[in-house]
Amino acid sequence: MISIDDFKKVELAVGKILSAEKIPDTDKLLKLSVDLGEPEPRQIVSGISRYFPDPEVLVGTKCMFVANLEPRTIRRYESNGMILAVSTEDGENFSLLSPHDGIPVGTRAK
């Protein structure tokens, strides 16, 4: 359990995926370039490759991201956020969390 004060620290933002590519020599990792409404796109590394054999299908998709995680290096790639998704326990059903089309890139959750 976390307190509401801890939860309030999490910054959720709408982002648009600008590019997506598989990280070589990995089974799960994709490198995403994401527009979060900031001056420069962010690089985010995510373990969702198994659900997107062709990562190009993600380009142009708006999803929800955690925008205030400390940067983390994964397989020599710096990740500056986290994409939000859900899956069933067995991993057979999977979904990215996405906002309504009318919500602009960069919008922060309240």
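Observations on the model:
- Hits in region 39-94 - residues which are touching a helix residue (DSSP H, G or I) at 6+ places or on another chain (Cβ under 8 Å) and closer than 15 Å to Ile23 by Cα: Ser49, Phe52, Pro55
- Positions within region 1-41 being under 13 Å from Val105 (Cα atoms) and either touching a His at 6+ places or on another chain (Cβ under 9 Å) or not in a loop (DSSP other than H, G, I, E, B) (or both), in sequence order: Leu12, Ala13, Val14, Gly15, Lys16, Ile17, Leu18, Val34, Asp35
- Pairs where the first residue, in region 71-100, is free of Cβ contacts under 8 Å to residues at least 12 places away in the same chain and the second is surrounded by 11 or more Cβ atoms within 10 Å (Cβ to Cβ) and part of a loop (DSSP other than H, G, I, E, B), C-beta under 8 Å, 6+ apart: Pro71/Asn80; Val86/Leu97
- Meets criteria (surrounded by fewer than 18 Cβ atoms within 10 Å (Cβ to Cβ) and at pLDDT 95 or above) for Ser19: yes
- Selected residue (only one of Gly47, Gly37 is touching a residue at least 12 places away in the same chain (Cβ under 8 Å) and within 15 Å of Leu96 (Cβ to Cβ)): Gly47
- Highlighted here are the strands (runs of 3 or more DSSP E) found entirely within region 49-110 that include at least 1 residues which are acidic (Asp, Glu): 77-79.
The values are calculated or read from the model by the stated rules, or taken from the named source; none is laboratory data. Remember, predicted model here, so these are calculated numbers, not experimental data. Positions of Cβ are backbone-derived with ideal geometry, glycine not excepted, and every protein chain shown enters the neighbour counts.
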